[in-house]
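This report concerns only the one structure given below.
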Amino acid sequence: MSVDNEAKVSDGRRARSERSQAAIIDACLSLMNEGILVPTAQQISDRAEVGIRSFFRHFNDMDSLFNQVDKKIRDDYESLFRPASYEGALEDRIVGMVTLFSNGWEQLTNMILSTKAMRWRSAALRKNYARNQRALSEEVGRWLPEAATLPKSDRVALDAVASFEFWERLREHQGLSKKVSREVVISMVSGFFGR
């Protein structure tokens with residue numbers, strides 16, 4: 001075989017390998033977004049239309065897959081919580097923050113529930129979840145710098161009220177509509193500032 005032919009074969013294998021890896025990542029995302037909260041390697045392989053051995057050639061374990069999934073979607077999900085501006089009166093910023101966060105929670109519900117369901121056995125998911133919790137707390141501080149003057153217990157409570165866990169409680173466990181849930185969170189956040 002000539003050097004050119006060997007290079008073409010090698011390039012073809014690499015391209016197939018990259019396509020298979022991308023299909024596995026997309027399959028994992030698809031299953032999680034559909035509400036399969038704990039997708040197995042077999043389910044992901046089946047969805048990606050690759051063999052289970054191929055799955056484990058690309059990913060040594062589920063953590064290595066979860067890291068690649070997070071790498072693929074991190075910019076997208078982080079952008080859901082970043083406004084064009086943090087300017088405005090306190091009341092407007094509270095409404096803006098709660099609106100932005102609640103829209104993000106609605107869009108990411110299955111992904112977050114999947115992460116929470118699997119993080120007990122995944123160091124990668126625990127690390128990513130903790131990083132995202134810190135980032136959201138920092139985001140609350142950017143929206144509401146006035147919170148820096150609150151007692152520590154109130155700052156912690158403010159983070160809790162702005163969290164996915166609180167949003168899910170209102171929406172899922174208490175059965176409230178998105179509109180009513182948003183009104184509850186706005187009222188509670190406003191209460192920290194005597195509004």
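Throughout, read-outs are computed from the coordinates displayed, never taken from laboratory work. Being a predicted model, the structure only gives us computed values, none of them experimental. So basically every Cβ, Gly included, is an ideal-geometry build from the backbone, and we count neighbours across all protein chains shown.
Inter-label distance, Ser17 to Lys127: 2.3 nm, where each label sits 7 Å from its Cα along the C-beta direction. The angle separating the long axis of helix 90-118 from the principal Cα axis of greatest extent in the chain is about 40 degrees.
Of the two radii for segment 90-185, the radius of gyration is 0.98 times the Kirkwood radius, both from the alpha carbons; that is the Rg over Rh value. Gain on full extension, evaluated as 0.36 nm per residue between Phe56 and Lys179 minus their Cα-Cα distance, stands at 39.9 nm. When only the Cβ of Lys, Arg, Asp and Glu is charged (+1, +1, -1, -1), the dipole of the chain relative to its Cα centre reaches about 440 debye. Ranking Leu31, Thr149, Leu100 by how far each Cα lies toward the positive end of the dipole of the chain (charges on Cβ) leaves Leu31 at the top. Rounded to the nearest 500, the helix-only mean residue ellipticity at 222 nm of the chain stands at -24500 deg cm²/dmol, with each DSSP H run of n ≥ 4 adding -39,500 (n - 2.57).
Suppose we look only past 24 Å in the calculated P(r) of the chain. What percent of the Cα-Cα pairs does that tail hold?
Summing the P(r) of the chain above 24 Å gives 51 percent of all pairs.
Max-minus-min Cα coordinates of segment 147-187 on each principal axis give 33, 16, 11 Å, with the largest extent listed first. Here the gap between Gln107 and Asp92, fully extended at 0.36 nm per residue and compared with their Cα-Cα distance, gives a gain of 3.1 nm.
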